[in-house]
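> Just dropping this structure here.
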Amino acid sequence: MNEKKNSYLRMGIILFCAMLVGGVIGFGGRVMIDSIGEGIGICMQALIELIQKYMLPLLLIILILTVACGEVTLNKLRSIGKRMLQAGEEESDQLEYEEENAGGKGMAVNVLSQVLSVIILSAGYSVQYIENTEKPEGFLISCILFLICFAYDGMWQGRYIKTEQKIHPEKKGDPSSIKFQEQWLRSCDEAEKEIIYQSAYKVYASLGKCIPVLLLITMLGNLFPVLLVVTMLANLFFNTGMLAILVVAFLWLFVTLTYIRSCIKMQRSKIEK
């Protein structure tokens, strides 16, 4: 009984402290907005105009780096797969870690390129900008580069899965199927399933901390690829601004990187034991 009372007391103290901190942050934020809000707005507008000015070269650079990193990652995975055929048990654990690390970093770059492409394109993705720009053909080329980058990213993910299936023939699943994750999970052994489950829970726990913060940030303003499309369309027709796009893009990237980091960390722990 005393333990329950202490638990309720701790929870009450935590809630009270959270209210105090929230009040201080809210009041401080209001004071800051009143004092420097206009300056922040000017800086943000200048940043958006800078992105609009260099939208085409930025998207071209992202496309080139994405393709380069993607091909290097796939070549590295193929090399690891060949070494696995002749590796002993101890070396196999090290190679499995290298495989997870290389694949995870490749997937992180893949998602990062999509997020950056969306953010950069959304800076000029409005009817007002399209009508007022002096070079509408430049924006059209930017859109084409954006689509090429997304197409490559999607194809790369399919090639990555096929490469993994060549290294591990027991892995099943069609990347084009909506049931791919379910098919892949069924073909994993118990150790791999444990890594997936723990990493998924890590994402869930991290999101539980991340989303409330983002909710507070966006409360006065307006997961993942579908929502990005919705927010981009809203910005195009209703000029809702980039904040909603940035928040959703950040969530998508945050979830992906948290999951990848957890998988790599647990794979590394296997060879350190």
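The values are calculated or read from the model by the stated rules, or taken from the named source; none is laboratory data. Please read these numbers as outputs of a predicted model, since none were measured by experiment. Note that each Cβ is placed from the backbone with ideal geometry, even for glycine, and that neighbours are counted across all protein chains shown. Only protein heavy atoms, including side chains, enter the accessible area calculation; ligands, DNA and RNA are left aside. Shrake-Rupley method; radii C 1.70, N 1.55, O 1.52, S 1.80 Å.
> Counting heavy atoms of the protein chains only and a 1.4 Å probe, report the per residue accessible area for the range 142-206 as a whole number of Å².
63 Å²
> Students sometimes get this wrong: rank F180, F250 by accessible area, probe 1.4 Å, all chains present, largest first.
Sorted by accessible area, descending: F250, F180.
> Beyond a 30 Å Cα-Cα separation, which of these cross-linked pairs lie in this structure: K53/K265; K172/K202; K166/K193?
K53/K265
> Follow-up question, since we're still on this one. With r defined as the distance between the Cβ atoms of S269 and L85 and R0 fixed at 30 Å, what FRET efficiency is calculated, to the nearest 0.05?
According to the calculation, E is roughly 0.75.
> Then there is this: How large is the accessible surface per residue of the range 40-103, computed with a 1.4 Å probe and reported in Å² as a whole number?
Averaged over the residues of the range 40-103, the accessible area is 63 Å².
> Determine the share of the range 69-108's accessible area contributed by carbon and sulfur atoms, expressed in whole percent, with a 1.4 angstrom probe.
47 percent
> On a 1.4 Å probe surface of the protein chains, which of E98, E90, E170 comes out largest in accessible area, and what is the full order?
E90, E170, E98
> Once the range 40-110 is represented by equal point scatterers at the alpha-carbon sites, with solvent omitted, what log10 I(q)/I(0) does the Debye formula produce at q = 0.17, 0.25 Å⁻¹?
Debye output, listed in q order: -0.71, -1.01.
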